[in-house]
Amino acid sequence: MRYLPLTAGDRREMLAAIGVSSIDDLFADVPDAAHLSGLVDLPLHAGEMEVERTLSAMARKNVAAGDAPFFLGAGAYRHHIPATVDHLIQRGEFLTSYTPYQPEVSQGTLQAMFEFQTMVGMITGMEVANASMYDGSTACAEAVLMACRATRRGRAVLSGSLHPHYREAVATAVRFSPHVTVDALMADPGGTEDLARHIDDQTACVVVQYPDFFGRLHDFTKLAEACHAAGALLVVVVTEVVALGAVKAPGAMGADIVVGEGQSLGNALGFGGPYVGLFATRDRFVRQMPGRLVGETVDNEGKRGWVLTLSTREQHIRREKATSNICTNAGLCALAFTIHLTLLGEAGFKRLAALNHAAAVRTAERLAEIDGVRILNDSFFNEFTVLLPKPAATVVDRCAERRVLAGVPVSRLVPGDPDCTNLMLVAATETTTDQDIAALAAAIEEIL
Amino acid sequence: MDRSQGRKSRTETELDAVMTDDSAETAIGHRGLQLEETLSFEQGSPDRCGVDLPDPPKTGNRLGGLARKEAIGLPGLSEPQVVRHFTRLSQKNYGIDSGFYPLGSCTMKHNPRLNERMARLPGFADLHPLQPESTVQGALELIDTLAHWLKTLTGLPAVALSPAAGAHGELCGMMAIRAALEARGDSREVVLVPESAHGTNPATAAMCGYRVETIAADDGGRVDVAAFRERMGPDVAALMLTNPNTCGLFERDIIEIAEILHAGGGLFYCDGANFNAIVGRVRPADLGIDAMHINLHKTFSTPHGGGGPGAGPVAFSEALAPFVPLPYVVHDRDGYRLVEHADDASGTPFGRLKAFHGQMGMFTRALSYMMSHGADGLRQVAEDAVLNANYLLARLSPTVTPAFPGTCMHECLFDDRFLKGTGVSTLDFAKALIDEGFHPMTMYFPLVVHGALLMEPTETESKATLDLFVEAVESLAERARAGEVAYFQGAPRFTPRGRLDETAAARRPVLRWKEPESAEEAA
Amino acid sequence: MSALRFTKDHEWIRVDGDTGTVGISDYAQEQLGDIVFVDLPDVGKSLAKGDEAAVVESVKAASEIYAPVNGEVAEVNQALADEPAKVNTDPMGEGWFLKMKIADAAELDELMDEAAYDAYLESLR
C-alpha cells in the first residue's frame, strides 16, 4: 500500500525491539469477543487509477452547476473562484498543518487568520471577528447562545425571513438547553412581520437576515434601537457575503452580532460543505464569543507575531463551562475566503458586488415579462422571489429536464405552507450570462 | 503606502558587531529562505486589484436605498503580490508534508493528493446542495457509499453524516441519546466523563443540559470499573468514553462497563477520536457502544487545513437509529433520495444540526482514502499505527518516563519525571524539539499525569523517521540532564519567531489590524 | 476591628466592620501564573458561601473564586480590568477582587487566620 512506509522487515525488527512476537500481542487488551479475526466485508485496496475511475463515474451522474444555466441560491452561491485561490490553499504547509497551538511553527496560519478576522470585521462593519465557525447556520446558533449569555436572558426571536435551515439549526442547538427558548415566527414571504412587537424584558436577541431569505433588503437601524431599548441584542445573519460589497454594513445599523456564511468567497458550492461561518461582534462582548481567536503580540526579541488568544473561553480549558464545545474552525475555507478577498481588494469586491446586482436586475426584468410571473421583491441584491402560477417544485423539476437549473422552490425548505408553494428563489451572480437568462426565461415560458 | 520592508537603520558600530555575529540581522529582515512578510493591509493600494472583472452593465438599482457608501478598508494587491504574500506565509508553517508531526490525539497522518483531486471533480465540487435530486444522484450515491463503509467498519446500523466536526458529532450523538431517553419518559440528568477525556466531552454534555461528573481512573490509566459500578444509578443518562483512551490505552473492561451502563438504563457514547488504532480490527458495535463519532480528518485522512474544516459523522446503535438527525439519504427503486423534513422521516429525528447535508468535500476525500486502502489496507493502518507507537514507546522508555507500564495502542504517553530537578519543563523540551526539525508532541494533555507528553506517530511514518526522532529526544534529554536550562528556555531559535508573549496578547487583546491614525502619529 | 481570614481555596477576606474585602492569596497567584483577566460579579449580587464570585484567568487556565462567607457584593475592583497584573504584584493589597457586605460575621470563625493558613500551606508542600 503506497501510503504505508513500513516494510515486512521493518515490522519484524520493530516487534523485536518492542519485545513481542506478533502484532496481535499489541492488541491483547481488546476483549476476545470483540476481536475480528478476518477482514471486514468491504472491497480490498484499489490503486489510484481505479479509485479515480469509480469516483469519476459517480461525479458524472451529477449535473454540475457549470454545465447548465444556473440560478440557485438560498444560502449557497456560485461565484467564480480565481485559480490562484486553489493553488495557494493546496500548499502543503497550509493544507497539512494542524491548529496553530505551537505559534513558532504556525505563524503563516496565524497571520492569515488575523487578516481574516480583520477582513470580516471590515465588511460587516463590526469591531471584532473570530477565526471562523463551521458554517453560517451553526454560527447563527452560536450567536443565539452567546446573546443569552451576554444578556443573561433566555428567549430568542427568529425572523420568519431567516433561512429555514438556520432556524432549524438554532432550534436544535437550544432544544435541550434548560435556559433558552426560541420564538420562531412564521415564514414571511409577504414581508409583513413586526419584530419589535415580539421584544419583551426576557428577550435576549432578535435574529434577522440581510438580505433576507426572500432576497429583500431592510434597514434594521430602528429594530436595533428597539432591541437596545429593551436590553436585547440584534443578531444579523448574512448568507450572501458578496452583498456586503454593495449594501450598508450591518454594523452601521447597530447590529450587536453579525454572523454569516462565507462560502461565496473562495469556496466552491461543494454540495453544501465544507463552508465557512463568519462571526463578528462588538469589543465589549469579546469574552462571550465562541470560537478561536488570533491576537497580535511580540516574540522574545520584540518582533511582531501572532498567537491564539483568550483561549480560556474554550472547551479545552473551561470544559463544561466553555462558551461552546467547538474545537476547530473552518481553517482552510477561511484561508480561501481571505485569499479571494485579498485578490479582489476594495475595488474588486465592490465591482464584484455591482456585477452580481446587475445580473440579478437583468434576470428579474426578463422574468417579469413572462405572463403570470411576478417578482415579489421591492428590493434585492442578487437574489429575489418569484411568484409562479404553478407549484415551484414542479417548474424547477421540469426546467431540470430541459437542463436548466432554475432556482430553489421555497417549498423545499418550507414544506406544507400554501403561501410558499408557488414561490421560487432565483439568484444570479457574476457567472450568469445573457444566454443563461434567455434560457431560463424560455424554459419557464414553455412550462407555464 | 508600501510599508512592507521598513526596518530601523543601524549605527556603524552596530554594523561592525553584525559582521562578526553569526546570528546577525540582515539589512531588511529576510534571512535566506526565511522571508519576512507584513500584513496584506500594509502592502495594498486602492488602485490595484488582483482580479480582472468587466465593467458592470448599466442597470437600475434595486438596493432599496441601502447602497454602501463608506470605504471598507480592504487592501488592493495585484495577483503576483497575493501569490507571494500567501506563499511566504505558508513557509512559516510546519505541516505533515514538511515532517514528523507526532501530536497525540490528533492523528496527523499523510494527506494523499488523490483525495484532493477527487473532491475537486466538477461533478462534486460544482454542485448546489438544493439542486433537484434527479441532478445529484451521483453525489447521493457517494454519501450512501460512505455511510455503508462507516457502518461496516463500526458494525453499527445507522449513521448521521451532517456533523461538521468531531465536537459537532459529539453534540449529535449526545442529542440523540437525550432524545431517546426523553422518548421513553426518562429524565436522567448526569453524564459521566473520565478525567482523561477531551475537553469537548464535558462541554458537549453541558450543551445538552446535562450535569457532568468525573469518574476516576485506576492506577493503570483506565476507567476504574469498581468506582463506575458504584456510581452508576438511575440518574445517569450516559457515559462518554474515548477508546482507546487519551492515555493511548485500550479500555480492556469496556464490555463490562457497557453491560453495567446498559443494565442501569444508561447509554454509551464513545468519542471516536482514536478510531485509527482499531479500524478494521475491532468494531465498536462489538464493544456495546450506542453512538460514536468518527473524525474523518483523523482516521480517514482529510486534511487538517490549519484547524479545519473537519467532518464528524456519527454511527448509531439500533436503540438510537430512530433519532438520527435530518437530513439523511435513502435508496429505493427510483434511486437515491434525501429525507429533509421530520414529516418524511420513518423515525423521530431530533432535528437538524446545520444547513444542507454535511461536509461533502470531506466525504469525497474520506471515501477516496477508504477505497484506496480497502478492508485489508485499513486493518494494516491500525496495525502499523499501533506498531509505530509501541516502537516509540519502547525506544524512548529508557530516556523519557512512560506514564504507565506495558504496551500502548496508537499513541504513547510520557510524564515529566525524567525532567525532574533539571529546571527544564515539558514546554521547554517541546520547544527545543522544534529546533530539531520536529513538530512537538501534545503537551499537558491528558490531565491525568504531570507534565504529559503524548506522542502519536501514525502509520504513515517510516522507521527511519522514528529513529531520527528518538535520536533527537535522547540528545535533548541528555542536555536537560546536563543542566543546559538556558538552551531550552531560549528555544526555539531557528523559527521565524521565537517564543511569543501570550500573556501580553491576552491582557490587551489586539484582534484585528487597524489603519494607523496618521503617518505622523504612527511614527 | 479588622481581621484577615483565609479559605482552603486560597481566597482571603479582610473584615472591616460589616464589610469584607476579598482577594486571592500570594500562594494562589503564584500557582496561577500571569493573570490576564478577572471576571467580576455585578454589584448587588447576593452570594452564598461557596458560590462562584469571580473567575480569574491566566493564559492557559481559568479558576473560580468562591465567596468565603454569605453576603452581597458591595463593590468590585474596577482597576483590575485594565491591570489584571495587580493580582500578581500585590495580591493582598491593590489586587483585591471585591468587597462584600457580610451577612453573618459568625461565619468568619470557620475560616483560617494567618497562622492557620500558613500551616495549611505547609501541609500542601
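None of the figures in this text is laboratory data; all of them are computed from the coordinates on show. Not measured: the values here are computed from a predicted model. No Cβ is skipped: glycine too gets one built from the backbone with ideal geometry, and neighbour counts run over all protein chains shown.
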Within region B:411-465, DSSP-loop trypsin sites (Lys or Arg not before Pro) with at most 14 other C-beta atoms within 10 Å are B:LYS420
Whether chain B is rounded, prolate or oblate, judged on the alpha carbon gyration tensor where a/c under 1.5 counts as rounded: oblate
Place a point 7 Å from the Cα of A:THR192 in the direction of its beta carbon; the residues of region A:413-443 whose amide N falls under 15 Å from it are A:418-420
Given charges at Cβ of Lys, Arg, Asp, Glu: the protein assembly as shown dipole, positive-most of C:ASN70, C:THR19, B:THR214: B:THR214
So the angle from the long Cα axis of helix A:136-151 to the longest Cα principal axis of chain A, reported in degrees to the nearest 10, equals 90 degrees
Describe numerically, in nm with one decimal, the distance between label points set 7 Å from Cα along Cα→Cβ at A:ASP201 and at B:GLU182. 2.9 nm
Starting with the highest mean, order C:47-59, B:359-371 by the number of other Cβ atoms within 10 Å, averaged over the residues of each peptide. B:359-371, C:47-59
Karplus-derived 3J(HN,Hα), 6.51/-1.76/1.60, for each residue of region A:404-409, Hz, glycine and proline x: 10, 8, 7, x, 10, x
Take the alpha carbon atoms of region B:330-397, find their radius of gyration, then divide it by 2.2 N^0.38 Å using N residues; give the quotient. 1.82
Other chains' Cβ within 10 Å of B:384-392 residues: what's the mean? 5
Whole-Hz Karplus ³J(HN,Hα) for region A:194-209, in order, using 6.51 cos²θ - 1.76 cosθ + 1.60 and θ = phi - 60°, x for Gly and Pro? 10, 5, 4, 5, 8, 8, 9, 6, 9, 6, 7, 7, 10, 10, 10, 10
Formal net charge of residues neighbouring B:ARG178 (Cβ-Cβ distance under 13 Å; K, R +1; D, E -1): -1
Let me test this: with uniform point scatterers at the alpha carbons of region B:114-370, what is the Debye-based log₁₀ I(q)/I(0) at q = 0.08, 0.12 1/Å? -0.30, -0.67
Give a quick list of GluC sites (Glu not before Pro) in region A:291-349 that DSSP marks as loop, anything other than H, G, I, E or B, with at most 14 other Cβ atoms within 10 Å. A:GLU301
Hey, how many Å between the Cα centroid of region B:450-476 and the Cα centroid of region A:198-220? 53 Å
Between A:ALA8 and B:GLU79, what's the calculated FRET efficiency when r is the beta-carbon distance and R0 is 56 Å? Round to 0.05. 0.70
Mean residue ellipticity at 222 nm from the helices of the protein assembly as shown, using -39,500 (n - 2.57) per DSSP H segment of n ≥ 4 over the full residue count, to the nearest 500 deg cm²/dmol? -10000 deg cm²/dmol
What is the distance in Å between the Cα centroid of region C:65-98 and that of region B:212-266? 40 Å
Based on the alpha carbon coordinates of region B:389-466, what radius of gyration and maximum Cα-Cα distance (Dmax) apply, in Å? 12.1, 36
For the pair B:SER475 and B:HIS262, how long in nm is the line joining their label points, each one 7 Å along Cα→Cβ? 5.3 nm
Amide H within-cut-off set for A:GLY273, under 5 Å, with H built and near neighbours excluded: B:MET360, B:GLY361
Which of rounded, prolate, oblate describes the protein assembly as shown, given a ≥ b ≥ c as roots of the alpha-carbon gyration tensor eigenvalues and a/c under 1.5 marking rounded, otherwise prolate only if a/b is larger than b/c? rounded
Looking only at chain A, where both bridge partners belong to it, what percent of the DSSP beta bridges are antiparallel (to the nearest 5)? 55 percent
Can you run phi through the Karplus equation (6.51, -1.76, 1.60; θ = phi - 60°) for region B:362-378 and list ³J(HN,Hα) in whole Hz, with x for Gly and Pro? 6, 4, 4, 5, 5, 5, 4, 5, 5, 5, 4, 7, x, 4, 6, x, 5
Around B:THR401, under 12 Å between beta carbons, what's the net of Lys plus Arg minus Asp minus Glu among the other residues? 0
For B:LYS58, list the aspartates and glutamates whose Cα falls under 20 Å from its own Cα; do not include residues on the same chain fewer than 8 positions away. A:GLU365, A:GLU369, A:ASP378, A:GLU383, A:GLU430, A:ASP434, A:ASP436
Taking amide H positions as placed in the peptide plane 1.01 Å from N, state which residues far from A:GLY305 in sequence (5 or more) or on other chains have amide H under 5 Å from it. A:THR297, A:VAL298, A:ASP299
Cross-link pairs beyond the 24 Å C-alpha cut-off, checked among C:LYS60/C:LYS101; B:LYS92/B:LYS463; C:LYS8/C:LYS86; C:LYS49/C:LYS99; A:LYS303/A:LYS350; A:LYS303/B:LYS420: C:LYS60/C:LYS101; B:LYS92/B:LYS463; A:LYS303/A:LYS350; A:LYS303/B:LYS420
Of the options B:LEU63, B:LEU89, B:PRO46, report the single residue whose Cα projects farthest towards the positive end of the charge dipole of region B:27-99 (beta-carbon charges: Lys, Arg +1; Asp, Glu -1). B:LEU63
Taking K and R as +1 and D and E as -1, what net charge do the other residues with C-beta under 11 Å from the C-beta of B:LEU476 add up to? -4
So what's the gap between the Cα centers of region B:111-142 and region B:351-390, to the nearest angstrom? 17 Å
Find the all-direction average of the projected area of the Cα convex hull for region A:83-340, expressing the result in square nanometres with one decimal place. 14.1 nm²
